[in-house]
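Working notes for the structure below.
The values are calculated or read from the model by the stated rules, or taken from the named source; none is laboratory data. Being a predicted model, the structure only gives us computed values, none of them experimental. Quick reminder, even Gly has a Cβ in these numbers, built from the backbone with ideal geometry, and neighbours come from all protein chains shown. Note: accessible area is taken over every heavy atom of the protein model, side chains too, but ligands, DNA and RNA are not part of it. Shrake-Rupley method; radii C 1.70, N 1.55, O 1.52, S 1.80 Å.
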Amino acid sequence: MRVLIAHNRYRSAQPSGENVVVDDEARLLAEHGCEVELLQTHSDEIADWPAHRKALLPARTVWSRQGRRLVADAIERFRPDVVHVHNTFPLLSPTALRAARASGAAVVATMHNFRPLCAAATFVRDGKVCTSCLGRGPLPAIVHGCYRNSRVATLPLAASISAHRVAGTWRTSVDRYVFPSSFARSLYVQAGWAPERLVVKPNTAPEPGIARTGAGRGFVALARFSHEKGLDTLLDAWRDAGIDEPLTLIGSGELEHELRARAQGLRSVEVAGRLPHAEALARLATARALVVPSRWFEVFPRTIVEAYALGVPVIASRIGSLADVVDDGTTGMLFEPSQPAALATALHALAGNDALTQQLGRQARRRYEDELAPGPTTRRLLEIYEAAAAETPSAAALEAAWA
């Protein structure tokens, strides 16, 4: 099978789980016998553009002729059986999907976020979950300036949502939409997207080559240091819990200074900042649990897969996809988001029970092996490709769709 993967890479200064997923899938597909070509645009290049070209970027975000041409040319050269589109923002735009559809190849798109439904792509406004635009137009996003707290910056994203909704891009250009979690899929169904074309394939992570021994000691949070990640809730819970074990916060972001200030005086708390990936995993492998105290709709944090691969359970907020990917009492524990007392109870439950921690860790590892390891997830992706190829519209149907 010949697979063309199209992806707009995020800025290198902003670590991106989507970039990692794309690289992993391309490698795994090649290992499973596919011929793979990776077509990428790079957001880094925008910084070097002349002023007049930057001024045209908002229009390109809405409807990119260049993006459509890049995809069409790659298809003409490579002749894929499947075109798999990941992120199209900002340089490709959803016109990449239209170019793929016109080629006659099967078209698959992975929805790593909620951008076709929400201008901010996150369903977060003012640090809280907001679904004002779900199933409606993006006017509330413009009113509130949901993207970068700017109405001007939000306008082209809202225009893109509206333009491609009216043009039928989402409705007619893709055979299968892939979601990392059932929860993410459910929001698109709620928005009126055809459920028969929306499928779930979870994220994966490679075998780490290390594993936790025993029950571990202490807790680790591995996340972006931003409000929606809920690390303030974790520090409040830790202050009240009085646990005589270490807590390590790994990551970086705009709240790093604030989190360091809040951590001062708290027992056994280390704000480690950003660490090399291997070192972060090594620290996680010694912990009782990974803590994911998010207060927003995570799509599927890859760190959870990595924890499971290490045999480490997860304590997570009962919100969004976290309630899908963490089985309460089986692979970890769930607590109500933004509730320090509830989180403190979960921390105490694991800190005080080595047998429970080991049991949850074994079951976390079992779920990784059965569902989340590279083998089963790649087989699932190939099944999705085959189903999409079997239902690709004929040339006559394509002409009728664009008539």
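Separation of region 314-330 and region 98-136, taken as the distance between their Cα centroids, equals 23 angstrom. Think of it as helices only: each DSSP H run of n ≥ 4 in the chain is worth -39500 (n - 2.57), and spread over all residues that comes to -12500 deg cm²/dmol at 222 nm. When the accessible area of region 184-291 is computed with all protein chains present and a 1.4 Å probe, what percentage of it is carbon and sulfur? Carbon-and-sulfur percentage of accessible area, whole number: 50.
Solvent exposure of E386, expressed as accessible area, is near 110 Å², computed with a probe of 1.4 Å over the protein chains only. Between region 342-392 and region 3-49, what's the alpha-carbon centroid distance in Å? One Cα centre to the other: 24 Å. For the chain, the longest principal axis of the C-alpha atoms and the axis of helix 374-390 are separated by about 20°. Residues in region 268-403 average 39 Å² of solvent-accessible surface per residue, probe 1.4 Å, ligands and nucleic acids excluded.
Straight-line reach from K229: taking Cα to Cα under 21 Å and skipping same-chain neighbours fewer than 8 places apart, the lysines in range are K128. Only protein heavy atoms count here; on that basis, with a 1.4 Å probe, D240 has an accessible area of about 100 Å².
Taking every DSSP beta bridge that has both ends in the chain, the antiparallel portion is near 5%. The local environment of D126, defined by Cβ-Cβ distances under 14 Å, has a net charge of +3 under the rule Lys, Arg +1 and Asp, Glu -1. Could you tell me which residue out of W296, S321, L284 lies farthest along the dipole of region 270-340 toward its positive end? Charges go on the beta carbon: Lys and Arg +1, Asp and Glu -1, centred on the Cα centre. Value computed over the given set: L284. Which net charge results when you count Lys and Arg as +1 and Asp and Glu as -1 among the other residues whose beta-carbon is under 13 Å from that of R185? Net local charge, R185 excluded: +1.
Contact order, relative form, for the chain: 15 percent (alpha carbon pairs under 8 Å, 6 or more residues apart, mean separation divided by residue count). Protection proxy ranking, highest mean first, for peptides 354-362, 274-282: 354-362, 274-282, where packing is the per-residue count of other beta-carbon atoms within 10 Å, averaged. Here the Karplus curve 6.51 cos²θ - 1.76 cosθ + 1.60, taken at θ = phi - 60°, turns the phi angles of region 117-126 into couplings of 10, 9, 4, 7, 6, 10, 6, 10, 9, 6 Hz, with x standing for Gly and Pro. Look at where the Cα atoms of region 66-90 and of region 215-275 average out, and the two centres are 42 Å apart. Largest first, the residues M333, M111 sort by 1.4 Å accessible area into M333, M111. Other residues with beta-carbon under 14 Å from the beta-carbon of D48 carry, at +1 per Lys or Arg and -1 per Asp or Glu, a net charge of +1.
Computed from point charges on the beta carbon alone (+1 for Lys and Arg, -1 for Asp and Glu), the dipole magnitude for the chain about its Cα centre is near 1080 Debye.
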